[in-house]
Amino acid sequence: MPPIRPLTEADLAAACALSAAAGWNQTAEDWRLFLRDGRAFGIEVDGVLAASAAVLPFGPEVAWVSMVLTLPDHRGRGYATALTAHALRALAASGHRAVLDATPLGQPVYGKLGFAPFWTFRRWRLETRGGSVPGVRPLRPSDWPEVLALDAAANGIPRERLLRALAAR
């Protein structure tokens with residue numbers, strides 16, 4: 001198994017390439033958020049970032065395990081499992097409980113590590129061909145208290161920093 005190392009700003013292009021190879025929509029700004037507010041780890045093979053995992057704390061108790069990605073040519077070698085286990089050890093050392101959301105491709109990795117599904121989600125995207133969408137308007141500063149209250153009720157964890165960072169993109 002190649003060594004696991006911390007990811008840094010110098011890895012942004014390679015991290016974005018991992019996201020793109022998986023068909024995900026993460027941007028360099030998303031990766032910067034994980035590097036700034038959390039921690040990210042990677043496995044490099046022959047000078048190429050082959051796999052990653054990241055953790056993002058939501059307050060002092062809970063952290064999100066995310067960005068578990070492996071280049072298609074490197075799948076099936078245990079990299080995602082090793083990186084996720086490494087991330088979980090880092091969270092245990094900091095006293096955080098881990099939560100994650102997973103694609104069907106990642107479920108076998110997380111199942112081996114003791115995670116069990118308790119809900120599912122779907123990603124949706126609306127492409128507006130330059131026009132507005134009826135009933136939809138830009139988020140206003142006065143909306144934040146209600147947005148944060150709804151999110152806390154739905155998730156049970158404080159995600160204000162994440163939501164504000166995503167809204168600022």
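Values in this text are rule-based calculations from the coordinates and carry no lab data. On a predicted model such as this, the values are computed, not experimentally measured, just so you know. No Cβ is skipped: glycine too gets one built from the backbone with ideal geometry, and neighbour counts run over all protein chains shown.
Data overview
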quantity: Cβ pairs under 6 Å, 6+ apart, first in segment 10-24 and in contact (Cβ under 8 Å) with a residue 40 or more places away in the chain, second in a helix (DSSP H, G or I) and surrounded by 17 or more Cβ atoms within 10 Å (Cβ to Cβ); calculated: Ala15/Trp31
quantity: Wholly enclosed helices (runs of 4 or more DSSP H) of segment 47-164 bearing at least 1 residues under 26 Å from Thr8 (Cα atoms) and touching a residue at least 60 places away in the same chain (Cβ under 8 Å); calculated: 79-94
quantity: Residue count, segment 49-80 (criterion: loosely packed, with under 13 Cβ neighbours inside 10 Å and more than 30 Å from Glu160 (Cβ to Cβ)); calculated: 3
quantity: Residue, farthest from Val55 (Cα to Cα), within segment 81-139, restricted to residues that are exposed (fewer than 10 other Cβ atoms within 10 Å of the Cβ) and aromatic (Phe, Trp, Tyr); calculated: Trp124
quantity: Tally, over segment 1-33, of residues that are under 11 Å from the mean Cα position of the chain (by Cα) and among the hydrophobic types (A, V, I, L, M, F, W, C); calculated: 3
